[in-house]
Every structure is written in C-alpha cells, then in structure tokens.
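Asker: Questions regarding the structure given below will be posed in turn.
Just so it is clear, none of the values below were taken in a lab; they were calculated from the coordinates. Keep in mind it's a predicted model, so treat the numbers as computed, not measured. Counting neighbours? That spans all protein chains shown, and the Cβs are built from the backbone with ideal geometry, glycine included.
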Amino acid sequence: MKTLWNTYKSSIMLLGAMVVGGVVGFFWGEGAAVLQPVADLFLNLLYCCVVPLIFCSLTAAIAKMENLAKLRKILVTFLGGTIITGVISCLFMVVAALLFDPAKGAVLNMTEEVENMTSSMNFLGMFTVGDFPLLFSKSNLMALIVFTIIFAIAIILAGEKGKPVLHLMDCMTEVIVKLIGIVMKLAPLGLGCYFAILIGQYGQEVIGPLSRAIIIYCAVIVLYYVISQTVMAYIGAGPEGVKRWWKTAAAPTLTALGTCSSAATLPLNLIQAKELGIPSDIADVSIPLGANLHKDGACIIQILKISFLCSVFNMNYATPKNILLSIVIAVVASVVMGGIPAGGYVAEIFIISAFGFPTVSIPIMVLIGTITDAPATVVNVTGDTGLAMIIARVVDGKDWMKRSDKTRKQAESGIKPVLTGVTGAE
C-alpha cells in the first residue's frame, strides 16, 4: 500500500479532490459559482506557463534537429494521423446514433436565443497575428507555433551564432518544467473547485431532457478513450508502450477533465511525453500542434449535435449523404476550433449552413457542447501523446522506446552515448 501510494499519490489526490468537488457541486447547485476565483487562481497560473513552454521547448527541439527532412516527416505523419483518428472517432458516434436515437423523448425550448455570436471564418487567420506581442497569448497558440517553427529554422541557418540561443531555449525549458511542478501543487484545490462549479451549473441539464443523449455520449467517449489510447500506444511501442502510457495518464486526464482546456493540459502532456521516453524533437513539435488541431473528442461532439438535431427536426440522419457530410464537418470544425474553452461558434455555423437547421437550434448545440466539453477535452489531449508515440515509431523506428530508455540510463550514469549508425539510435 505504501508503494502504491508513493507511485500514484498525486493522481489519487487529484481524483479525490474532483470527487469531493462533484459532490459539493451537486448539493450546492449554482451557488458553487462562488468558488470561481479559487479555481481561476490555479488555471491562470497554468495558462501563464503554456506560452513560454511552447516557445522554448519547440524552438529547442527543432533547432537541435539540424535535419529539416525529419521535421517534414513529423509534420506529415501528424497531419495524416489527425485526419485518420478524427474520422475513426466520428464513426464511433455515428454507429451509436444510428443504433440509439439520442433525441428520443427530448422536449426542448426552441425560443432561447444566443447573444454575441461571434466567429471568424478566416481560417488562414489562425496561423498569423498582426502584431508581435499578440503571439504571446494563449488565444493565438497556432500562430505562436508557426512563428516558433520559423524561428527555430532560422537558428539552424545561423550556424554557430545560433548555438547560444539554442542553449538558452534549452535551459529555459527546464526552468519552466520546474515551474509547472510548483503550480501543480495547487491542482487538487483548483480542479476540485472547477468540478464543483461544472456539476453545480449543468447537473440539471444532465438529468433533464438531454439525459439520453448525454448517457449515449458518455458511453461512446469512454469506449473510444480506452480503445483509442490503448491501440495508439500499442502501435507506437507495443505492450510496453500500453503499460507505460496508462501508468502515466492520470495527471493529464484529470487536469483535462477538471479544466475543460487543451491549453491548460498541454504542460502535463509534455511532461507525460518525457516520462514515456518520446524523443523531445517529436514530442515538442507534435504535442503543441495536437493541442490545437488533433481533437477526436470534439469530432464526437459534432456528430452528437448533428444526429440530435436531425432527430429533433424530423430529418433522416441515416442516409449516406448526411453521414458523410457530418463526418467531414466534424473533422474540419474540430481542427479549426481553438484549444481553450469557449473557442467560438465555428462548428455551429458549419452545421447550420450544411444541414439548414434554424438559428434557434444554436442554443441547443451550445448547451450540448458545454455539458460534454469535459470528457471531450480528455480525449482531445490524451490522444496527443498516443499520436506522438506513433510518430516516434514512424520517424525513429519500432525500437525507439528501448533506445530512449538506454540513452536516459547512460545519461544518469554519466556515460556518453555511442552512435550505432542506426537512424535515431544512440
């Protein structure tokens, strides 16, 4: 028991805090909103770590490569994996929607309107900003990643004069990781408060007219979470990869569940990647990209919204055209959505335009998206490390984890690694 406690102490404390928070929120109701300042204290500190972590770690990872062909291979594999897993996640929800009507028996208020519905359809605008200071905002993470990649390539092209900058970024990354460790001391309190607020605000909707849809969704998301993470870890590193992934998954999983934020969970994802032994040049590129673009959980939500509304408005969802269209919309919308809570109404606009739903359906979609956001965020962010493991296998070969463990042991013992001549091996 002592060994078990020492191994999983932080995870047990996080889970216990969230259970207590959920119970408090259930009985307190909307009054739990008074805990918001305490919850924000933790989340704001974590947000402040995200931007410097991405900039420093991604710069160091790419600048160390000196082989831009490898960067290209990482990016191509990441893009292909994002699309494939997105489609597969959609199919999970499509099958469930066809077997069980998520809107059966639902009676909803169709008169409520949404105020201040703002969304930009300029997709290219997510890759750049108009002023340098705007890069260093959690709202512009995709633009920051693009700038950082270009900045790192410039360091490579600068040769010897770029080496001091690379060393600075490397040292800064280590300092920020230590800083995150300090901030995580507040995690049980912060996540407990967030969960109390979440249950207090939306508990009635979960047991009301949306209960059937939410139950179906939760069953699908849990099934996909278990199967997808196990399969990706197995593809990436075999049985050892599966064992190690699940052993290190608690902190990012619970943080995502409590904060509903891919951006807030990003630092924990990068730490898990290091625990898994994923090479830093792969993890520091693919995981920040994944926080913005790889969102299987969001894909599942979009399919739920579409199938639910088709049933409400007496449209036949079970046609090849509607199913294919919903999958395309779900994948595209999930990619362009922001990696932070309340990322806009892009998905809703896509769905209304494609299926011709009335604008009065927007409140329903917003409510469904809000209630299902927490478990969807878990799938969104935890899938990034699984995908990074697959990328590691594609880029560095099937024995990448063994080589990573060997290199780490040599570093701990003070022995310099010896090059073997095998790509990616030391």
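Asker: Multiply the residue gap between residue 13 and residue 222 by 0.36 nm, knock off their C-alpha separation, and tell me the result in nm, one decimal place.
Answerer: 73.1 nm
Asker: Efficiency by 1/(1 + (r/R0)^6): what FRET value for residue 100 and residue 178, r their Cβ-Cβ distance, R0 = 56 Å, to the nearest 0.05?
Answerer: 0.70
Asker: Something else: Working out 0.36 nm times the residue gap between residue 27 and residue 168, then minus their Cα-Cα distance, what length gain in nm do you get to one decimal? Before the final figure, lay out the partial values.
Answerer: Values: separation 141, 0.36 × 141 = 50.76 nm, distance 5.03 nm.
Answer, rounded to one decimal: 45.7 nm.
Asker: Report the label-to-label distance for residue 230 and residue 370 in nanometres (one decimal), using points 7 Å from each Cα along the Cα→Cβ vector.
Answerer: A separation of 3.5 nm, rounded to one decimal place.
Asker: So, in Å, what gap is there between the alpha-carbon centers of segment 145-204 and segment 299-333?
Answerer: Measuring centre to centre over Cα atoms gives 35 Å.
Asker: If each residue of separation counts as 0.36 nm, what is the full-extension length gain between residue 91 and residue 201 once their alpha-carbon separation is subtracted?
Answerer: Gain on extension, residue 91 to residue 201, equals 36.6 nm.
Asker: Sum up the charges of everything whose Cβ sits under 12 Å from the Cβ of residue 401, counting Lys and Arg as +1 and Asp and Glu as -1, but leave residue 401 out. Please list the in-between numbers first.
Answerer: Numbers: positive: 243, 244, 393, 398, 402, 403, 406, 408; negative: 240, 275, 396, 399, 405.
Within the 12 Å Cβ shell, the charges total +3.
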